[in-house]
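What follows is a single structure, written as C-alpha cells, with notes after it.
The values are calculated or read from the model by the stated rules, or taken from the named source; none is laboratory data. If you're wondering where the values come from, they're calculated on a predicted model, not measured in any experiment. All Cβ positions, glycine included, derive from the backbone under ideal geometry; neighbour counts span all protein chains shown. Ligands, DNA and RNA are stripped out before the accessible areas are found, and what is left, the full protein with its side chains, is counted by its heavy atoms. Shrake-Rupley method; radii C 1.70, N 1.55, O 1.52, S 1.80 Å.
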Amino acid sequence: MRPGEPDWHHSGLLVRTLRPGQSVEIDTGDCEYVVLPLSGSAEVIVDGESVPLGGRADVFAGATDLAYVPRNSTFAVVSAGGARIAFPHAKAAADHPFRRIAADEVETELRGAGVASRQVRNFGTPGVLDADSIIACEVITPAGNWSSYPPHKHDEHRPGKESELEEIYYFELQLSDDVPEGVKGNDPIGYQRVYGTEERPIDVLAEVRGGDVVLVPHGWHGPAMAPPGYDMYYLNVMAGPGTERQWLITDDPQHAWVRELWSSQHIDPRLPFGGKDS
C-alpha cells in the first residue's frame, strides 16, 4: 500500500522477504521511510555507508534495531542470512536526518488491563523518532485478549482533541504457549473491526492471518481480537494532512466507559513478551 493509490493519501507499507544475500533498493521520493526487521537481521546502505540492524527471531521475540530514511533518498537493504523486512512510510514535507535506533531505545508500554491488556512498542512515535509525519508502533496482544479497545477514531482535525490520520494494520500471529503439541500445524487467526459514523459509513469485520493488512481510512476501529490459543501482533502505520505530528483519538462514546474498569484490574501476567522488552 502506498500514498497516492485510490482513496489512500498519506501512509504506506511495503513488506519484503529477502533470501540469504538478497538485497532490495528503494527510492524514497516524497516519502520518509522506516526500515523495520520483522524477522532476521539486515544492513541498510545509505550514501555508501553500511549500517547494521541487529534484528530478531520474530516479532514476538522482542524489539529490534531499526532505521529512519528521509525523503529524496535512495537506500538499499541487504540480509546475509535472510530476513523479512517491513518498510512503513509516509508523505513528508520536511527533511529529517537518517538515523539508526537501537532496540534498547524503543519504549515499551503496557496498556489496558485484564483481558484488554496489550504491549506497545513505540519505536516510531513522537518523542522517540524524529520524523515529519509518520507515526508507527508495534502491538502484542496475548491469546484471548482484546486490543485497540475501546474502539476509537482519529479522522477529524480538532485541535487538542483529535488528529486526522489514516491507518494501516499489518498482522502476524502465533500459537500461544499453552497450545498442545499436537496442533502445532494450525494456521492462527484473529479478527479486526472497523465501523463508521452515520455521515461516513464503513463496515469491516475481517478475519486476519499472518501477513494480512486492514486499512482504516476513517471511522471507529477496534477491537482487534486475539482468539484463545493465538497470540496477535500488529504493526500500525499512521499519517495525515495535519501540520502537527500527533496521535489524538476520540473513543466511541458507547464504549468509552470500559477504561474505567482497568483501575480495578491487573495487567495480564503474560506481558511483556520478548526478552528485549522485559
> Residue separation times 0.36 nm, minus the C-alpha to C-alpha distance between Ala94 and Val24: what's the value?
Replying inline: 22.7 nm
> In square angstrom, what is the accessible area per residue of the chain with a 1.4 angstrom probe?
Replying inline: 44 Å²
> For labels at Arg111 and Val128 in the simple 7 Å Cα→Cβ model, what's the distance in nm?
Replying inline: 1.0 nm
> Which length gain, in nm to one decimal place, applies between Glu5 and His152 when the Cα-Cα distance is subtracted from 0.36 nm times their residue separation?
Replying inline: 50.4 nm
> Hey, can you rank 151-163, 126-138 by average C-beta count inside 10 Å, highest first?
Replying inline: 126-138, 151-163
> Calculated FRET efficiency, Asn72 and Ile202, Cβ-Cβ r, R0 51 Å, to nearest 0.05?
Replying inline: 0.90
> At Ala61 and Asp178, where each label point lies 7 Å from the Cα along Cα→Cβ, what is the point-to-point distance in nanometres?
Replying inline: 2.6 nm
>> Let me check something: with ligands and nucleic acids excluded, how do Tyr170, Tyr149 order by accessible area (1.4 Å probe), largest to smallest?
In response: Tyr149, Tyr170
>> Run the paramagnetic zone check for His266: 7 angstrom along Cα to Cβ, then residues of the stretch 74-117 with backbone nitrogen under 19 Å.
In response: 110-117
>> Using 0.36 nm times the number of residues separating Asp47 and Ala80, minus their current alpha carbon distance, what extension gain do you get?
In response: 9.9 nm
> Hey, what did the stretch 1-69 get for relative contact order, percent, Cα under 8 Å, at least 6 apart?
Replying inline: 25 percent
> Along the positive direction of the dipole of the stretch 31-117 (beta-carbon charges: Lys, Arg +1; Asp, Glu -1; about the Cα centre), which of Phe87, Ala61, Ile45 reaches farthest?
Replying inline: Phe87
> Over the chain, what is the relative contact order in whole percent, taking alpha-carbon pairs under 8 Å and six or more residues apart?
Replying inline: 21 percent
